[in-house]
Amino acid sequence: MIFYFSATGNSKLIASYLSKSLQLSALDMNQHDITDFTSDNVVGLIFPVHAWGMPSVIKKYLPKIIPSLKRASYIFVILCCGDDVGYCDIHVRKLLRTHNIEISAIFSLNMPNTYIGIPGFDIDTSDIQNDKLLQAHDRLNEITAIINQRKNTTNVIRGSFAFLKSGLIRWLFNKFMINDAFFRVDSKLCTKCKQCAKVCPQNNITFTPYPKWNHNCLTCFACFHACPHKAIKFKLSGGEKGQYKAPDSL
């Protein structure tokens with residue numbers, strides 16, 4: 001069984017690919033009530049890295065999948081990122097060890113960037129997106145082979161200043177940047193199609209009559225990327241930013 005969380009589609013792509021290559025079922029933790037725990041020998045956990053750490057929502061899902069993880073003889077984790085993961089892999093291992101669960105293999109996987117929240121950050125160009133997706137395909141073949149051989153490994157790109165990124169910078173980011181008060185809607189562009197509300201993993205958006213964010217936000221920007229009319233703006237982004245649409249498959 002593969003458990004995954006995906007906001008803008010990259011982690012879903014990875015889960016779908018590995019579901020086929022490893023012949024394991026894939027379950028979106030945000031879309032399903034996890035009550036029928038699997039007894040698979042191999043269990044995977046896939047999610048995006050937010051500010052060089054775990055999205056806060058993973059801790060919410062974790063108690064539901066602990067029984068499956070404890071039954072597994074081999075556990076792998078894939079951290080989906082735009083560039084590097086900081087000390088996220090260390091923090092994930094530490095968290096699961098509090099439940100007496102040992103990760104067998106943990107990988108980072110570079111995918112097209114989706115974070116647009118501050119000046120200097122934008123989606124990748126089309127060429128870079130295509131290159132990353134091609135490299136991800138090859139990397140997933142390598143990961144599949146490692147998992148099939150049941151190898152134990154830590155195979156991640158932590159990047160420079162990893163301790164600082166996953167420490168002070170992440171703390172500052174979570175304190176000041178995880179804030180849906182920065183979202184704005186251009187009423188001249190918004191058609192009230194409610195696509196933003198449909199894709200929000202937190203069910204955080206209601207309409208009154210335009211989109212309203214209700215302070216339970218991950219700042220994953222799923223709403224921003226999904227808006228078909230580019231009506232959603234983010235106050236701190238520093239200008240117009242591109243929208244990312246994940247392909248249907250790798």
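Rank these for me by crowding, Met29, Met177, Met111, going from fewest to most other beta carbons within 10 Å. Please report the intermediate quantities before stating the final value.
Working: Met29 22, Met177 14, Met111 25.
Fewest-to-most Cβ neighbours within 10 Å comes out as Met177, Met29, Met111.
Spatial offset of segment 108-140 relative to segment 62-87 amounts to 21 Å, using the alpha carbon center of each. When both segment 215-246 and segment 199-214 are represented by their alpha-carbon centers, they are found 13 Å apart. How high is the relative contact order of segment 179-234, given as a whole-number percent (alpha carbon pairs under 8 Å, six or more residues apart)? Reported as a whole number, the value is 48 percent.
Report, in deg cm²/dmol and to the nearest 500, the calculated mean residue ellipticity at 222 nm for the chain, where each DSSP H run with n ≥ 4 adds -39500 (n - 2.57) and the sum is divided by the residue count. Kindly include the intermediate steps, with their values, before the conclusion.
Working: 7 runs with 79 residues, N = 250.
About -9500 deg cm²/dmol.
Convex hull volume of the Cα atoms of the chain, normalised per residue: 125 Å³.
In plain terms, the chain from Asn203 to Trp171 could stretch by 9.1 nm, reckoned as 0.36 nm per residue minus the Cα-Cα distance.
An ellipsoid equivalent to segment 138-250, defined through the eigenvalues of its Cα gyration tensor, has semi-axes of 34, 20, 13 Å when rounded to whole angstrom and sorted largest first.
Taking amide H atoms as placed 1.01 Å from N in the peptide plane, the amide H of Leu27 lies under 5 Å from those of Ile2, Phe3, Tyr4, each 5 or more residues away in sequence or on another chain. Against the longest alpha carbon principal axis of the chain, how many degrees, from 0 to 90 and to the nearest 10, is the axis of helix 10-22 turned? It works out to around 30 degrees. Sequence-distant contacts, meaning Cα pairs under 8 Å at least 6 residues apart, place the relative contact order of the chain at 21 percent. A simple spin-label model places the labels of Lys60 and Asn216 0.6 nm from each other, with each point 7 Å out along Cα-to-Cβ. Spin-label model, Ile157 to Gln243: label points 7 Å out along the Cα-to-beta-carbon direction sit 2.8 nm apart. Taking Cα atoms only, the orientation of helix 88-97 departs from the longest principal axis of the chain by about 60 degrees. Summarising the overall dimensions of segment 1-95 from its C-alpha atoms, the Rg and Dmax are 12.5, 35 angstrom.
Compute the Cα gyration tensor for segment 179-234, then decide on rounded, prolate or oblate, letting a ≥ b ≥ c be the square roots of its eigenvalues: rounded whenever a/c is under 1.5, prolate when a/b is larger than b/c in the other cases, and oblate in all that remain. It would help to have the intermediate numbers written out before the result.
On the way: a/c = 1.42, a/b = 1.40, b/c = 1.01.
It comes out rounded by the Cα gyration axes.
Restricting to the chain, compute how many DSSP beta bridges are antiparallel as a %, nearest 5. Don't skip to the answer; put the middle values down first.
Details: 7 of 29 bridges.
Restricted to the chain, the bridges split so that about 25 percent are antiparallel.
No value in this document is a laboratory result; all are computed from the given coordinates. As the structure is a prediction and not an experimental result, all values here were calculated from the model. FYI the Cβ positions are ideal-geometry reconstructions off the backbone, even for glycines, and counts take in every protein chain you see.
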